[in-house]
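Accompanying notes for the structure given below.
The values are calculated or read from the model by the stated rules, or taken from the named source; none is laboratory data. This structure is a prediction, so every number in the text was calculated from the model and none was measured. Note that we place each Cβ from the backbone using ideal geometry, even for glycine, and neighbour counts take in every protein chain shown.
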Amino acid sequence: MPRLPMDEVLIAGEWRRGRGTPIETVDPATGQVLTTVHAASAEDVDEAARAGAHAAADPAWRDLPAHLRARVLHRIADLIERDADELSALQTADTGKSRTETRALVHSAAGTFRYTAAALETAEDVLTPARGPYVTMSVHEPIGVIGAITPWNSPIASDAQKLAPALAAGNAVLLKPAEWTPLMALALGRIITEAGLPAGLLSVLPGLGSVIGDAIVRHPAVGKVTFTGGTNTGRTIAYAAADKVMPVSLELGGKSPTVVFEDANLEQALAGVMFGIFSSSGQSCIAGSRLFVARSRYEEFVGELVARTAKLRLGPGTDPATQVAPMVHHRHRDSVAGYVDLAREEGARVLCGGAVPDGEEYRDGAYYLPTVLDGLPNTARVCQEEIFGPVLVALPFDDEDDLVAQANDSVYGLACGLWTRDHRTAWRVARRIDAGTVWINTYKQFSISTPFGGTKDSGIGREKGRDGIRAYQRQKSLYWATDNAPLPWALG
């Protein structure tokens, strides 16, 4: 067992027991309680927000030169790498993910802080072309207090993608991790405190979204909210933000198409399609959950896909051989199973999976078999609604126009995968698909240097990239007169 965080939350630089309802965190592989965390309360949020506003206004951080703020981010990255094995083990216990995946997520978080530090040191304000007797320039300043609400499926990586640019921009941050998986955010809070971030600039506030998340979003001291999670919650946050006239960044759900054209390299496509939906046990917003295959290759491709899917190794995240780990929580596993039952009612063929696995080793865990469905139109609910589990729906397409129409027939627009040898087809279709990210002959590859976000119900705003820091700042224009003449309007 990894070392578990103490039953304390971080409120404005002080570690103490939260005043909210206790939360039991459960190991998804065994169903056993790992620990109890006393969540924050609405009063804790108020205290953290007020202290955060004070800390953000303090010149000690706000006016600290960029290269010195960057040093703190580099120290955070060093400490994450120092504790990588322990953090990986903790995330596997808290989320059920395989150690291979949690190691990658931990190192990704360290890389995010390093990249952001480099971007911060090299960020430039702009001297704009003057159109009169003055010098014009554009500068960027901190917003103040940022509310960062993160999901349960990849805690430390999601936390870093919000914390690093928000802190780099000079802000204070109220971090609310998901109720089911609070442990990584608490561990990361300890690391950031050790790295020397001034007190008050970070609070870690676990608890119910309807209590803690709502208190953060509505608090008058919070100047922006960044949220990753479900579309319905994102819409609620957007309504509250509109009432405050507050900017938001929303990275929401997806029902991403992955497309196999007639000329695709089938080995490459098979590996990519399986990785795109079954890695992370399908618990990924960008999971390639709708598979479109050219009709001439449909039977061949889907047949081989089903044969290989049936051989995937199911097991606990602590087993190096595991390919498909348990779901994050038994309630979520039951939700996924409910969608497969709905698919059956809608007339789907269950080509493989579609059940909780048999066997003593799976009895207490939140396991579900990797599942492939077909026989449904793209209008079926399981083709339109996000399942967030290891469930793939296969559909044939006849030509490019048919494909684009079906792929874009969704309220979501987060990601897409294309498998083809023809660069002209790839370019043309990638531009026609309504999605924030398109992978060509690969899938689920990420770079902190490349902006990420969605369209339609998949969200608004972008994270990552050099402009990621600017998303947590306000832009101000300055005009400097270059002559001493009074403005002519005021002359007699």
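Within the stretch 371-383, does at least one residue satisfy the condition of being on the phi > 0 side of the Ramachandran plot, not in a loop (DSSP other than H, G, I, E, B) and not aromatic (Phe, Trp, Tyr)? Scanning the stretch 371-383, I find no residue that is on the phi > 0 side of the Ramachandran plot, not in a loop (DSSP other than H, G, I, E, B) and not aromatic (Phe, Trp, Tyr), so the answer is no. From the list 221, 215, 195, the lone residue that is of a type in the set (A, V, I, L, M) and over 26 Å from residue 6 (Cβ atoms) is 221.
To keep it simple, each residue is scored yes or no on (1) in contact (Cβ under 8 Å) with a residue 24 or more places away in the chain; (2) part of a helix (DSSP H, G or I).
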| site | (1), (2) |
| --- | --- |
| 401 | no, yes |
| 404 | yes, yes |
| 407 | yes, yes |
| 410 | yes, no |
| 417 | yes, no |
| 424 | no, yes |
| 428 | yes, yes |
| 431 | no, yes |
| 438 | no, no |
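Only a single item in (1) under 27 Å from residue 119 (Cβ atoms); (2) exposed (fewer than 15 other Cβ atoms within 10 Å of the Cβ); (3) of a type in the set (D, E, K, R) is not met by residue 483, and it is number (1). In this structure, does residue 353 turn out to be at positive phi, surrounded by 16 or more Cβ atoms within 10 Å (Cβ to Cβ) and over 26 Å from the mean Cα position of the chain (by Cα)? Here the answer is yes, as residue 353 does meet what is asked. If you check 392, 342, 418 for being over 27 Å from the mean Cα position of the chain (by Cα) and surrounded by 14 or more Cβ atoms within 10 Å (Cβ to Cβ), only one passes: 342.
Okay, residues lined up against (1) among the charged types (D, E, K, R); (2) within 23 Å of residue 282 (Cβ to Cβ); (3) surrounded by 16 or more Cβ atoms within 10 Å (Cβ to Cβ):
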site: 414; (1), (2), (3): no, yes, yes
site: 425; (1), (2), (3): no, no, yes
site: 455; (1), (2), (3): no, yes, no
site: 459; (1), (2), (3): no, yes, yes
site: 462; (1), (2), (3): yes, no, yes
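If you scan the stretch 299-317, which residues turn out to be crowded, with 16+ Cβ neighbours inside 10 Å and in a loop (DSSP other than H, G, I, E, B)? 312, 315, 316, 317 - these are the residues of the stretch 299-317 that are crowded, with 16+ Cβ neighbours inside 10 Å and in a loop (DSSP other than H, G, I, E, B). Scanning the stretch 54-108 for residues that are farther than 22 Å from residue 319 by Cβ, without any contact (Cβ under 8 Å) to a residue 24 or more places away in the chain and basic (Lys, Arg) yields a single hit, 82.
Restricting the stretch 143-152 to residues that are under 10 Å from the mean Cα position of the chain (by Cα) and surrounded by fewer than 24 Cβ atoms within 10 Å (Cβ to Cβ) leaves a set whose member that is nearest to residue 218 (Cα to Cα) is 151. Looking at residue 185, is it within 15 Å of residue 471 (Cβ to Cβ) and surrounded by 24 or more Cβ atoms within 10 Å (Cβ to Cβ)? Against the criterion (within 15 Å of residue 471 (Cβ to Cβ) and surrounded by 24 or more Cβ atoms within 10 Å (Cβ to Cβ)), residue 185 does not qualify.
Need a quick list: strands (runs of 3 or more DSSP E) entirely within the stretch 1-96 having at least 1 residues that are exposed (fewer than 15 other Cβ atoms within 10 Å of the Cβ) and of a type in the set (Ser, Thr, Tyr). If you could, list the steps in order and put the result at the bottom.
Details: elements: 9-11, 14-16, 22-26, 33-38.
Here the list reads 33-38.
Among the residues of this structure, residue 387 does not count as one that is within 29 Å of residue 116 (Cβ to Cβ), part of a loop (DSSP other than H, G, I, E, B) and in contact (Cβ under 8 Å) with a residue 40 or more places away in the chain.
Screening residue 485 against (1) at pLDDT below 95; (2) within 30 Å of residue 130 (Cβ to Cβ); (3) within 25 Å of the chain's Cα centre (by Cα); (4) not polar (S, T, N, Q) leaves a single unmet condition, (3).
Can you find even one residue in the stretch 326-342 that is assigned to a strand (DSSP E or B), in contact (Cβ under 8 Å) with a residue 24 or more places away in the chain and in contact with a Gly (Cβ under 9 Å, 6 or more places away or on another chain)? Scanning the stretch 326-342 turns up no residue that is assigned to a strand (DSSP E or B), in contact (Cβ under 8 Å) with a residue 24 or more places away in the chain and in contact with a Gly (Cβ under 9 Å, 6 or more places away or on another chain). Within the stretch 358-383, if we keep just the residues that are in contact (Cβ under 8 Å) with a residue 24 or more places away in the chain and surrounded by fewer than 16 Cβ atoms within 10 Å (Cβ to Cβ), the residue that is nearest to residue 319 (Cα to Cα) turns out to be 361. Mind listing whichever residues of the stretch 445-468 are more than 24 Å from residue 235 (Cα to Cα) and hydrophobic (A, V, I, L, M, F, W, C)? Correct list: 446, 448.
Can you say whether residue 262 is within 30 Å of residue 426 (Cα to Cα) and not aromatic (Phe, Trp, Tyr), as far as the supplied structure shows? Break it down into steps so the answer makes sense when it comes.
Details: within 30 Å of residue 426 (Cα to Cα): yes; not aromatic (Phe, Trp, Tyr): yes.
Yes.
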